[in-house]
Structures are given as structure tokens and as C-alpha cells.
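First the structure, in the form of C-alpha cells, and then the observations on it.
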Amino acid sequence: MTKKTAITEQVIQQANDLRQQINHHNYCYYVLDQPEVPDAEYDRVFRKLEDLEKKYPELVTPDSPTQRVGAAPLKEFGQVQHSIPMLSLANVFNEDELQGFGKRIASLLDINDPEEISFVAEPKLDGLAISIRYENGIYRQAATRGDGVVGEDVTQNVRTIKSLPLNLIGKNYPAILEVRGEVYMPKKGFYLLNKRQQEAGGKTFANPRNAAAGSLRQLDPTVTVTRPLALFCYGIGDVQGGVLPDSQSAILEQLKSWGLRVCPEVQRVKGVGGCLKYFQSVNARREQLEYEIDGVVYKVDRLVEQEKLGFVSRAPRWAIAHKFPAQEALSIIKGIDVQVGRTGILTPVARLEPVDVGGVTVTNATLHNQDEIERLDVRVGDSVVIYRAGDVIPKVASVVKERRPKRTRLFHMPSHCPECGSDVMRAEGEVAARCSGGLVCPAQRKEAIKHFNSRRAMDLDGVGDKLVDQLVEKGLINDAADQYGLNKQQLAALERMAEKSADNVLQALEKSKSTTLARFIFALGIRDVGEATAQNLAMHYGTLETIMNADEDDLQTVQDIGPIVANHIVRFFSQKHNRDVIQKLMKAGIHWPEIDVVSAPVDSNFLDKTVVITGALASMSRDELKDKLQALGAKVTGSVSKKTDFLIVGADPGSKYEKAQKLGVEVLDEETALTYINHSLRG
Ligand code: D41
């Protein structure tokens, strides 16, 4: 009996140790933004805890980091009554209104000069206000703001947010601590989520705020866990059994010391002047911030002053949101045009009644494709909400149906290309409609040449978009190669050109002839061949000829190239006009330095072999090994079958090893595999 207890205690201790390690790594990574260990180490510790909890299910506690992964779905959210109401924020939209705010509180506080007042200034995140309750330092409950009095119980969903500590750090936290903050979705995570949703045919979100709201108000926490939500804390609610400092800024410091995440942009400022300076500085850096904000918030720093000021109709008098000019505005669709891009994709574009959106006059907004037009149900004559975020192309966010004029007609993509009259096709499973005219289509020709000239391709900065348009329209060039045959007289005769500028163009053309194979491949504008793929092709094959002659199977041995891209590449080079253009370009004198091919897979031990990797490797990650094997022509799969040629085993191999032995699959240890690889490399 005693022995068993001893073991259990040891196991409990081990589980606690692992949890502490994981919590610490989470804190470094998500709160401090300073990871101490590589991801692989984190994964290792996490798996160890998972294994332990699987073996001893009675060990699992609700605050174990393994429990973030998502509880069972709910039928509906419970209701939570906020013990202290969650107030709302009043707004100001300009400097005058802000000065008014300053004067008002100065007068209420009996202070002569508003510039004497200390404020805490912070970005106003565009997310969802949330209240989070800790009991004895353990995460217990989270609720949305709701109407400020009653919110929804989103405890399980908030638990999945990695920047939320499930246990507070330190010892001096109150027995009951309710923190308030904003749940939001970082911009990057939002773009990736939408991309993922689109690929999976799921619903996409109009903006990070909607994505955050949709993710948090998800009845199934296993969905929420896949959503990249984050949290900043900005205040407190109910506090029992402990004391907090006497200023907003010190409270935020205190929250930080307990492991809670506070926005790093928070600053103490003096007076309305300090507020304005802060507003300008944040506004200037707005695009670079990782999250979307719609303004900044100022809060009177000293709590005694906050108490004196009190609140009116649910908003504190001591705080104010200073909003940026709206990113949305109302306009009317005057018409829908169709633009043709480099790869022939037809994009419907709404022509708008000019409207100011956050200080920029907008006259066009993309409608993306037919599906989007149907989703929005947008028609010519409609009143629409235009949305502009940063440098992104303005979008139609929604249609104001109530204002729709009578007798509007549905828009349909044309069946023929508006530029060249060729048939428009829509491939099965694709949202995009494409012109089938290829380089017959002047729009595609222009765009192809512009791409060829672009900075990351041939860097032909002397021949810009406007000049390309002119040259194509005047019939002086038909493809990228024709540019190299232009002479000074032809150029000097063009609009807005003279001898000097013609010379500059000729010089730029000459300079662009010296390039790299990767840039050249990228410049050709093969569908789905971006910079990285062009680079991989160049490194893999070393010469243009071998790339042009590779077949689809061979191309798939190149890193990151699958059957679809391989097919695009083969199709591109099989077309006579493409080969002709390439020949003309070579004749014009385009050249690049020779490449040492690192991994010519000719003599590879792994060529066309099916390989499985299992166990922990000592010298590299499994992904790295996979890349190396693929570069040598291997197909790397996840499970062992009769078709498997080799199983490469690292430390502690599991069932795959047993299966391989049963099936008589050849097993290689890591060292042997690396010897084979190195041998292959030497060819
Ligand atoms: O970033 C925000 N969205 C934010 C919202 C913030 N930084 N501070 C806030 N402070 C408050 C008070 C002053 C009432 C504690 C808020 C909000 N409220 C708020 N968010 C939604 C409603 C109110």
C-alpha cells in the first residue's frame, strides 16, 4: 500500500512539474513574446504530460494546459450576471471634443488646468470585451459583456486562448479576481483563417472583429481552439480578499506580474496634450500593429479621481475612446466593370459614387468573383457599405437592402472576355472565371509584361505599368521579349517621353539582362509559380533547359511542387508561343550565373521509394528529413504498408516499427539513413 501511494505522489509531482514547465513556456511565448525554448521542446513536454494524463486520467485537472484543447460542444451558452456591471465607453472623434472632455473632468475635479491630469493611454482594440474570473489564482469563468449586466458564459472557449493564464503567477493575488479585457484576432491569424476557410469551402469573415466574435461565440470549443484568438487585459471588476494599487497604471503592472497579458503600447501621459501626441503616434504606427484598432482610449490614472468622477448612464466619466475616422462609408454602385488580370482571371469591380473612407477618396471596390456577388446579393444602383482596412483594396462589406431602387437586375459574369472576346471558362471547383485567350488577350499580355518587369522579377524599373500600357496599345510590343528590341526613336516618340527618358529606358533594359535563373523563372509568370517555387526549381534543376524538359512526375520531386503546379509548369512550356518568347529573350542576351546543383537526384537511393519516418530524430526534425528525402525523389508517407520501401527510425519508435518488422519492410536507423542521403548527394 505504502509503495503505491509513493508512486502516485511521484506521478502527481511529475504532472505538476510538467504543467509548470508548460505554463511557463506559454507565458514566455504568448504573454512576453519571448520564447525560451524551441517549439520542438515545448511539444515534447506537452506530449509527456498528455501521455501521463492518459495513463492516469484521475490526474487531469480543469486548469491543466492539456484542457485548452476544447471541451464538449454546448447546446447554448449559459448566462452570467456580472457582479459589477461592465461599463461602456463614450467616444470623441476629434481634438475639439477631446479638449471638451479634458475641461469637463478638470472642472469636476477642481483642477485649473486639464494639462495637470495624468492619463493612461492605450490602443482601442477591435475585438470583444470579456470578463474573466480567477478564484484562488485558478481560472474559473469567462463571460462576454452582453448588455453590460448579463453576458454569455464562454468559459470553455476562453480557456482555449493561449495567452490566457490558467493559473496566476506569484502569491499575492486576491482570492477572487475578475479581470476585464478584450479578446481579439491578430491580423495575421485572421488572414490565415480566412484562407483556410476559403480552401475548405467554409465561411469567411469580413474583418478580424467578426472572426473573433464568431470564434468566441462558437458552441463547439474544439472549433474555437483552432482559431487564433488572443487577449489583452485592461482593467478589473470584482476583487475580494486582496488589495490592488491606487492607480490604473499600477493596476496594469500588477496584472502583468500575475502573468496576465497587457498591451505593450499602454503609456502614462500628461494632460490632453499628451493624449493627442499619443493618438498621433499610434495612428502613424497603426498598420504595423499586429492587431486591428479603431482608436485609442484614455483613462484618468488615479483611482481617487476616477471615484470622484463616477459615471453617467453606464459609461465612466473618467474614460473616453478617441476614435479614428471611420473605415466604413456608404456609397452607391454606378456600374460593375470586369477587369482581366495576368493569368486571365476576371475580376468584377464596382464603380462607385466617390466617397471618403477614413480620409481617402474611394471610387472603386473589388467584388472578387461571381460567388461573392451572389453572397452579397449586390446590384447596380444599390447603396453599399464600403470598407477599407489599411492598404488593402476597398471592399463592399454589405448592401443596404432597404435602399434598393426598383427594377434592379442581377449581375452575371460575361461569357466572353471584355478585352479580347475569347470564351470565359470557370473550372470545376474554382471560384475564378478566366479568359481562355491566353496571350491573344491584350489585358493578359499587358499584365504578363508588367509582372515580368516587376521589382521581384526582372526589376525592370525603367519600364513601368503606364509605359507598358502604351507600348502594347500602340502595337510596339506583344510580349516581354519585344521590349528588348525597342529603339530610341520609338521610345522618344511616346507620350510623356523625350530623348533623355528614352535613354533611361534603354539603360534599364540593358541592366535587366543580367539576372538569376530563379528571377527569370518567376518573371515568366507561370500560374502558381511564385518566388519560392521558382527558387526551388532553379536550385533543383540548375538550368532552364532541364526545367523546360522535366515531366510532371519529375517536377513533383521538387520541394513544395504537387501535381497541380507540376501540370501548370508542363503546360506552360509545352505552348509554342511561350517557348518562342523564351528563345527571343535568350537571344536578346538575358543571362544568369551558373548554379551548382546541390542535390541532383540521379543516383539517389531514395528515388521513387516510399519512405516512412518514425520516432525522435537526433540530428534534425522529421520535417527537415522529409524535405531532404523528397529532394532525392522519395515519397514520404505517414503510415507503414506493404508498399513502404524504408522505415527510418529515431529513438523510441512505436507501432510503426513493429508493423514494419512484421511486413518485412527495410528498417534504417538515423545514421544509416543519413549516410545514404549523403551518398546520394554526391551523386
Ligand atoms: O481596447 C478596448 N477595446 C478597450 C475597451 C479598452 N482598451 N479599454 C476599455 N475600458 C473600458 C472601461 C473604461 C469602461 C473599463 C474598453 C471598454 N471599457 C469597453 N469595451 C467595450 C465596452 C467597453
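Structure values in brief
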| item | result |
| --- | --- |
| The chain - share of DSSP beta bridges that are antiparallel (%, nearest 5) | 85 percent |
| Shape of the range 153-213, Cα gyration tensor, a/c cut at 1.5 | prolate |
| Separation in nanometres of the label points that stand 7 Å from Cα toward Cβ, at residue 84 and residue 678 | 6.5 nm |
| Unpartnered cysteines - no second Cys beta carbon under 4.7 Å - across the chain | 28, 233, 263, 275 |
| Which listed pairs, of 188/626; 162/195; 203/450; 488/587; 55/256, have C-alpha distances above 25 Å, in listed order | 188/626; 203/450; 55/256 |
| Additional length obtainable on full extension of the chain from residue 206 to residue 655, 0.36 nm per residue less Cα span | 157.1 nm |
| Alpha-carbon centroids, the range 484-514 and the range 73-149: separation in whole Å | 61 Å |
| Solution diffusion estimate, µm²/s, Stokes-Einstein, the range 60-215, Kirkwood Rh from C-alpha pairs, 37 °C, viscosity 0.692 mPa s | 177 µm²/s |
| Shape call, the range 259-323: gyration tensor on alpha carbons, a/c limit 1.5 | prolate |
| Proximal aspartates and glutamates to residue 576, defined as alpha-carbon separation beneath 14 angstrom and excluding residues fewer than eight positions away on the same chain | 479 |
| Equivalent ellipsoid semi-axes - Cα gyration tensor, the range 630-683, angstrom | 21, 13, 9 |
| HN-Hα J in Hz across the range 213-220 - Karplus 6.51, -1.76, 1.60, θ = phi - 60°, x for Gly and Pro | 5, x, 6, 6, 9, 9, 6, 9 |
| Gained length - residue 243 relative to residue 288, 0.36 nm times residue gap less alpha-carbon distance | 12.5 nm |
| Global form of the chain, assessed from the alpha-carbon gyration tensor, a/c cut-off 1.5 | oblate |
| Fewest-first sequence of 435, 263, 28, 441 by Cβ atoms within 10 Å of each Cβ | 28, 263, 441, 435 |
| Unit Cα scatterers, Debye sum, the range 174-258: log10 I(q)/I(0) for q = 0.16, 0.21 Å⁻¹ | -0.71, -0.92 |
| Potential extension, residue 196-residue 39 segment - 0.36 nm per residue separation minus Cα distance | 54.3 nm |
| Ranked 173, 56, 29, criterion: other C-beta atoms within 10 Å, fewest first | 56, 29, 173 |
| Expected 222 nm ellipticity per residue - DSSP helices of 4 or more, -39500 (n - 2.57), all of the chain, to 500 | -11000 deg cm²/dmol |
| Inter-label distance, nm, simple model (7 Å from Cα along the C-beta direction), residue 402/residue 587 | 6.7 nm |
| Whole-percent pair-distance distribution, where bins are 10 Å wide, for the alpha carbons of the range 360-433 | 16, 41, 33, 9 |
| Exposure proxy order (Cβ contacts within 10 Å, fewest to most) of 101, 572 | 572, 101 |
| P(r) of the range 1-137 over all Cα-Cα pairs, binned every 10 Å from zero, in whole percent | 8, 22, 22, 20, 14, 10, 4, 1 |
| For the range 288-298, 3J(HN,Hα) per residue [Karplus equation, 6.51 cos²θ - 1.76 cosθ + 1.60, θ = phi - 60°, Hz, x = Gly/Pro] | 7, 5, 6, 9, 8, 10, 10, x, 10, 10, 10 |
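Just so you know, all these numbers are worked out from the coordinates, no wet-lab data involved. All of these numbers come straight from a predicted model, not from anything done at the bench. Every residue, glycine as well, gets a Cβ built from its backbone with ideal geometry; the counts of neighbours run over all protein chains shown.
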